[in-house]
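Comments concern the structure below.
The values are calculated or read from the model by the stated rules, or taken from the named source; none is laboratory data. Please read all numbers here as calculations on a predicted model, not as lab measurements. So basically every Cβ, Gly included, is an ideal-geometry build from the backbone, and we count neighbours across all protein chains shown. Note: accessible area is taken over every heavy atom of the protein model, side chains too, but ligands, DNA and RNA are not part of it. Shrake-Rupley method; radii C 1.70, N 1.55, O 1.52, S 1.80 Å.
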Amino acid sequence: MRRARPGTGYPMRRWVFEDARGRYDIDLGDSHVDCSTVGDLPWPADLVLDYGTDAGGDRLRSLVADGYGRDVGHVGITHGAQEALYLLYQALLRPGDHVVVFTPGWQQARAVPEALGCEVSCVGLTADGRPDVAAATGLIGPRTRVVVLNSPCNPSGRRLADDDTEPLLAALRRHGGHLLLDEEYVADLAADSLLGRYERAVSVSSLSKVYGFPGLRTGWMCGPPELVRAAMELKHLTTISNSVLTERLAAEVLERREHYLERYRTLTSDGYRVLRAWAAGHEGAVRVMEPEGTPFAWLSLHTGETSLALGRRVLDRGRVLLMPAEVFDSEQGLRVTFAREESVLREGLDRLGALLHGRSG
């Protein structure tokens, strides 16, 4: 995976909501497991549609807290993980603060701190696609307010190596910085979240990626109660509260947590087997970086064509949505989501394969 050149990318919003909208019938681009439907959940016909509360209802907060093994006072419910991250940036950062982020990655992690007047240091990934924590550790100083860590990493699919963690945490403790954990792709938060490793860590996740309910727009933060309270006070000045309807449906999902996690594990396991076999048939054109628990994999591209150009051809002629490297401020690669029903995945990969070798198709 090539290291990013910050600021040279192509906005994901533009790619998905403008360029690709209405032009594909197979989605291998969005990074969530196959979406579920409203019909999969019990419809709460007797629900009173009042305002709810800014931090989220007690039932949903308790279910999220149970997932981490924490008390409800550590949890705030938000409109997806995106809002949780945004509120935390607003609560934590002031002009002149220093922030460390990893690239390629989610553009919000750099864009929002920069808009708040912060100095942002962008650190690349290692050759095997892991966050280069050693490089990040060397940048932490007295002005470092936040390190933003996404593990498993989007888009590489690789986890932070366990032996890299302690030097990073020691540097943060020395200077009093916070660790903001974007853990959307952590299926078992109680076992695998880094939240418990550091007292100033806060974890963000949602129902979108692992559970397959991005349309519920339900996310959360879990961390120090005083930080969660500060973020919820800001939330009251923005969206006020979450939809009580989506909160009720979200609680139904988490009540059946194990069912959805087993579905996720099955789709990712079976899907990666299909993707790996497909890539072996296109050796020389693509190389798969083995994912570590994500519903997607990073494919480095070796055809001489830019990732964006290939993505556009596959969209135009194959009606398949992929995520080209440029939306992650990177080059020569594709993020391909394989957590799909096998027939859909095979058809999408066949269409990509037919257009992979040469611009004439």
- line: Calc'd 3J(HN,Hα), the range 12-28, phi into Karplus 6.51 cos²θ - 1.76 cosθ + 1.60 (θ = phi - 60°), Hz, glycine/Pro = x, comes to 4, 4, 5, 5, 7, 8, 10, 5, 9, 4, x, 10, 9, 10, 10, 10, 10
message: So if I place +1 on the C-beta of Lys and Arg and -1 on the C-beta of Asp and Glu, and nothing else carries charge, what would the dipole magnitude of the chain be about its Cα centre? I want it in debye, nearest 20.
response: 920 debye
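For the chain, calculate the relative contact order in percent as a whole number, restricting contacts to Cα pairs under 8 Å that are 6 or more residues apart.
27 percent
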- request: Could you do me a favour and compute the accessible area per residue for the range 280-361, 1.4 Å probe, result in Å²?
  value: 37 Å²
- request: Positive end of the charge dipole of the chain (Lys, Arg +1 and Asp, Glu -1 on Cβ, about the Cα centre): tell me which of Ala325, His79, Val204 has its Cα farthest that way.
  value: Ala325
query: Fully extended, how many nm does the chain gain between Glu262 and Ala354 (0.36 nm per residue separation, minus their Cα-Cα distance)?
result: 29.8 nm
- request: Name the residues whose placed amide hydrogens come within less than 5 Å of the amide hydrogen of Gly124, ignoring near sequence neighbours (fewer than 5 apart) on the same chain.
  value: Thr103
query: How large is ³J(HN,Hα) for each residue in the range 301-317, as worked out from phi by the Karplus curve 6.51 cos²θ - 1.76 cosθ + 1.60 (θ = phi - 60°), to whole Hz, x for Gly and Pro?
result: 10, 10, 9, x, 8, 5, 4, 5, 5, 5, x, 5, 5, 5, 5, 5, 9
statement: If each part is reduced to its alpha-carbon centroid, the range 121-143 and the range 237-275 end up apart, in Å, by 31 Å
message: I'd like to check one number: the per residue accessible area of the range 62-181, probe 1.4 Å, reported in Å² as a whole number.
response: 35 Å²
- line: Bridge orientation stat for the chain from DSSP, antiparallel percent rounded to 5, came to 50 percent
field: Karplus-derived HN-Hα couplings along the range 285-296 (A = 6.51, B = -1.76, C = 1.60, θ = phi - 60°), whole Hz, x at Gly and Pro
entry: 8, 9, 9, 8, 8, 4, x, 10, x, 9, x, 9
statement: Helix-only [θ] at 222 nm, the chain, -39500 (n - 2.57) per DSSP H run of 4+, per residue, nearest 500, equals -11000 deg cm²/dmol
- prompt: Looking only at the range 215-236, which residues have a backbone nitrogen under 12 Å from a spot 7 Å from the Cα of Leu47 in the C-beta direction?
  reply: 216-218
Charge dipole of the range 202-361 about the Cα centre (unit charges at C-beta), most positive-ward option of Trp298, Ser343, Ala277: Ser343
